[in-house]
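One structure is given here, and the rest of the page talks about it.
The values are calculated or read from the model by the stated rules, or taken from the named source; none is laboratory data. This is a predicted model, so every value here is computed, not measured. Heads up, the Cβs are rebuilt from the backbone with ideal geometry, glycines too, and the neighbour counts pull from every protein chain shown. These area figures cover heavy atoms from the full protein model, side chains too; ligands, DNA and RNA do not enter into them. Shrake-Rupley method; radii C 1.70, N 1.55, O 1.52, S 1.80 Å.
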Amino acid sequence: MRAFGIVVSGVSALLSLVLAIASQTPACAGDMPDYFKEIVGAETASPAEVSAKNILALNATMFDLYGNAAQIFKKNILAEHPVILGLFSGAGGRFILYRPGMAPLEAPSVPIVYQLLKSVGHSTMALSEVVVPYLDSPNDLTWRSPLVAYRSRMQSALDGLDAAPMRDDWRPISRAVLENNIAFMDGALKANVISTEAMQEFAKKQGPLLKKNITWAAQTQVEHWMGVIAGWKDMLGADWDKTYAASNTIYVARQNNVLFSVLAQFFPPEAINDRLMLIETISFTTTPDDMLDSLTRIIADRSVGAAFFGDYHLMDYELMGGDAREAVIDADKKRNIPVNLPPQVPFGSHQWPTLVTPGPGAKSLADLP
């Protein structure tokens, strides 16, 4: 009881102090108690700054409201439409099928041989990253330690190659790649220098071998995912015609995105950029939830575009893009410089969402010498 009385007494005293302060109207800053001076400052914002802040708050609040609404949109879309996500991964990708009222179905992984072939190929690329910064630098030997460590890993991979799950007719190429890697490293360590000539000779020797490994890895990946998507299409039956699908991509994978290309074989051309979408990201991997958020937000925004502007696919595009395009053209005229812009395409274009204009030059590894 005494403790309770102390608390009540303390609260009463604090309340009395607050009321006393509130009842006083200091005539100047000097009348303010010292313990408030450190935390209380005079408002210096101009009416224009206050007004701008209030208006900008509308945009900040929009994103909160947008996020809340997006969760409802996602729930409603998944309740009516099957959705397929194709996500990049180091194991050859992931495919997940969402069906209304059912648990997500994740497809089996690409056979491990895909990763083995890719790892062997990447070993040469990684080796190049170690040595290229030190070409013809005999006085800088900081490369030796990481090269010795990597050589040990390379030898372990070579020693176990015969036991790896790989086709017998593919194994010799992987062995040759690893042996060439080791021979190059041994030469550099013995000479105590990494010469440009040796590097060029090494690259010339490895190039044709790497091309074969890349071909076999691609064949393994494509054949696997073609079978998966074909099976899902059969399973969904008539619901396939209302199925949405999306794959993620970063810059280097957007032109020949394997997962999107596989999906496109089972959707009609008019589904591209409508029910089949390529979503650009800034990293190789992303989460299924992030992909679902992006996909369902795109779909939900389309209704807004139709309601306000009369075009269902308008919101797939940056709204200021068209006006900004005209502004760029006007700015070019003022500066007397040529306009460098692509042709405009209609909202809802079903054009392949990557580079599509043909031109001279190599277009695949097979085109290179």
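Tell me, yes or no, whether region 154-164 has at least one residue that is buried (at least 17 other Cβ atoms within 10 Å of the Cβ), closer than 30 Å to residue 73 by Cα and modelled with pLDDT of 95 or more. Scanning region 154-164 turns up no residue that is buried (at least 17 other Cβ atoms within 10 Å of the Cβ), closer than 30 Å to residue 73 by Cα and modelled with pLDDT of 95 or more.
Residues in region 234-276 that are over 23 Å from the mean Cα position of the chain (by Cα) and either part of a helix (DSSP H, G or I) or modelled with pLDDT under 95 (or both): 234, 235, 236, 237, 238, 239, 240, 241, 242, 269, 270. So, in region 192-233, exactly how many residues are under 22 Å from residue 96 (Cβ atoms) and of a type in the set (D, E, K, R)? Qualifying residue count, region 192-233: 2.
Give me the residue from region 33-58 that is in a loop (DSSP other than H, G, I, E, B) and open to solvent by 100 Å² or more (accessible area, probe 1.4 Å) and, out of that set, modelled with the highest pLDDT. Filtering first and then ranking leaves 44.
Yes or no, residue by residue, for (1) within 16 Å of residue 276 (Cα to Cα); (2) surrounded by 17 or more Cβ atoms within 10 Å (Cβ to Cβ); (3) in contact with a strand residue (DSSP E or B) (Cβ under 8 Å, 6 or more places away or on another chain):
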| position | (1), (2), (3) |
| --- | --- |
| 79 | no, no, no |
| 83 | yes, yes, yes |
| 89 | no, no, no |
| 100 | no, no, no |
| 105 | no, no, yes |
| 122 | no, no, no |
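Taking the numbered list (1) at pLDDT 90 or above; (2) under 31 Å from the mean Cα position of the chain (by Cα); (3) of a type in the set (Val, Ile, Thr) in turn, residue 337 passes all entries but (2).
To keep it simple, each residue is scored yes or no on (1) surrounded by fewer than 18 Cβ atoms within 10 Å (Cβ to Cβ); (2) within 18 Å of residue 356 (Cα to Cα); (3) in contact with a Leu (Cβ under 8 Å, 6 or more places away or on another chain); (4) touching a residue at least 12 places away in the same chain (Cβ under 8 Å).
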position	(1), (2), (3), (4)
230	yes, no, no, yes
237	yes, no, no, no
245	no, no, yes, yes
249	no, yes, yes, yes
252	yes, yes, no, no
265	yes, yes, no, yes
272	no, yes, no, yes
277	no, yes, yes, yes
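Residue 117 - would you say it is in contact (Cβ under 8 Å) with a residue 24 or more places away in the chain and out of contact with any Pro (no Cβ under 9 Å at 6 or more places or on another chain)? So residue 117 fits the description; yes. For residue 283, state whether it is more than 13 Å from the chain's Cα centre (by Cα) and exposed (fewer than 14 other Cβ atoms within 10 Å of the Cβ). Here the answer is no, as residue 283 does not meet what is asked. Scanning region 291-322 for residues that are loosely packed, with under 15 Cβ neighbours inside 10 Å and under 16 Å from residue 83 (Cβ atoms) turns up nothing. Using the structure shown, decide if residue 348 is touching a Leu at 6+ places or on another chain (Cβ under 6 Å), surrounded by 14 or more Cβ atoms within 10 Å (Cβ to Cβ) and not hydrophobic (A, V, I, L, M, F, W, C). Here the answer is no, as residue 348 does not meet what is asked. On the given criteria, is residue 177 closer than 15 Å to residue 131 by Cβ and open to solvent by less than 70 Å² (accessible area, probe 1.4 Å)? Considered against the rule, which asks whether it is closer than 15 Å to residue 131 by Cβ and open to solvent by less than 70 Å² (accessible area, probe 1.4 Å), residue 177 comes out as no. Counting only helices (runs of 4 or more DSSP H) that sit completely within region 77-194, those holding 3 or more residues that are over 31 Å from the mean Cα position of the chain (by Cα) correspond to 144-159, 171-191.
Anything in region 277-315 that is assigned to a loop (DSSP other than H, G, I, E, B) and of a type in the set (Gly, Ala, Ser)? List them, or say none. Step through it out loud before you land on a result.
Within region 277-315, the first condition is being assigned to a loop (DSSP other than H, G, I, E, B), and the residues that meet it are 281-287, 310-313.
283, 310, listed by residue number.
Answer yes if at least one residue in region 287-296 is closer than 30 Å to residue 132 by Cα and of a type in the set (S, T, N, Q), and no otherwise. Checked region 287-296: no residue is closer than 30 Å to residue 132 by Cα and of a type in the set (S, T, N, Q).
Of all the criteria given as (1) part of a helix (DSSP H, G or I); (2) under 27 Å from the mean Cα position of the chain (by Cα); (3) loosely packed, with under 10 Cβ neighbours inside 10 Å, the one not satisfied by residue 342 is (1). Selection of first residues in region 135-147 that are touching a residue at least 60 places away in the same chain (Cβ under 8 Å) and of second residues that are of a type in the set (Gly, Ala, Ser), restricted to Cβ pairs under 8 Å at least 6 apart or on distinct chains, gives the following pairs, ordered by first then second residue: 135/195; 136/195.
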